[in-house]
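Trainee: One structure follows; several queries about it will come next.
The values are calculated or read from the model by the stated rules, or taken from the named source; none is laboratory data. Nothing here was measured: the structure is a model prediction, and the numbers come from that model. Virtual Cβ from ideal backbone geometry, glycine too; neighbours counted across all protein chains shown. Just the protein is used for accessible areas: all its heavy atoms, side chains included, with ligands, DNA and RNA removed. Shrake-Rupley method; radii C 1.70, N 1.55, O 1.52, S 1.80 Å.
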Amino acid sequence: DNEQSFAVAEDDALVEHNAPRLYTAFMKIGPELGEQHALLFGLSAVGGQHQVVEEALLKAADGYTLIYGTDFVYKYSAQRSHGEGDVVVQGEYFYRTMNLDGAGADWDGSDWEADQDGYYLQGLYGFLPRWRAGLRWDQVGVMNRVQEPYETRNVFGSSERASFVVDWKLSEFSLLRAQLGRGWYQTDEAREDAWEVLLQWQLTFGKHGAHDF
C-alpha cells in the first residue's frame, strides 16, 4: 500500500504480479574491539514491484523500486553506574531508485524515473546516571531527481534538520525523552523553516527481550 515505492495499482493496462512482490536482504558485521568498545556495520537492500496510475493523464506504468542502505553504530562503555560516561555514535545512509515503463497501447514511451537519498548522523553521551544528551543531523534529497511523463527531468533541493535531545531512563521499562529540532524543508512552493518540539514517553510491558546492540 506504499504509494511512493511498492504500490500495486488497479488498471486494465497493468500486469498483475503474484506475491511475493517485495524482497529484503541485510548483512551485519561487528569486529571485536575489547570490553569497552563495540562497533557494528550493516548493509541492506529492499526491492520490489511498483505501479503508478496517473488519472489526469489517463496513463499507467509498471516497474520496480530499489532501496539500498548502509549503517554503523559505535558504542563506548565507561562501565559506570547506569550508563554514565557512555558514548553512542551512529549513522545511516539510504539511496532509492525507481524505474517504471508505460503500460497500454496508447503509451508514447515516456517513463517515470526517480533517484533520491538521505542520511542521518547522531551522537549520545551519558552525562549522569540514567541521563543522556545528544545531537542529530538529518538530510534527505542530497540527490533528488524526478522524471515524469511529458515533463523535463526535475532536480529538487534537499531538506535538513538539526536536533538536540535529552532522555531520562526511569527504569529498564520506561524512558522519557525531550527533543528540540530546527528544520529547513524544501516544498513545492518555497523553502520553509520550522521549529519542532517532541515529548515522548516509552513504556515496555512484560518481560523484555535481549538487549539490542
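Here is a yes/no grid of residues against (1) modelled with pLDDT under 85; (2) among the polar types (S, T, N, Q):
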position: VAL8; (1), (2): yes, no
position: MET27; (1), (2): no, no
position: GLY42; (1), (2): no, no
position: VAL46; (1), (2): no, no
position: TYR68; (1), (2): no, no
position: LYS75; (1), (2): no, no
position: SER110; (1), (2): yes, yes
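Trainee: Looking only at residues that are more than 22 Å from ARG132 (Cα to Cα) and among the aromatic types (Phe, Trp, Tyr) in segment 153-194, which one is modelled with the lowest pLDDT?
Mentor: So the residue we want is PHE156.
Trainee: Can you name the strands (runs of 3 or more DSSP E) wholly within segment 17-90 that have at least 1 residues being of a type in the set (Lys, Arg) and open to solvent by 40 Å² or more (accessible area, probe 1.4 Å)?
Mentor: 22-29, 59-76
Trainee: When you look at ASP62, is it more than 14 Å from TYR119 (Cβ to Cβ) and among the acidic types (Asp, Glu), yes or no?
Mentor: Criteria met by ASP62.
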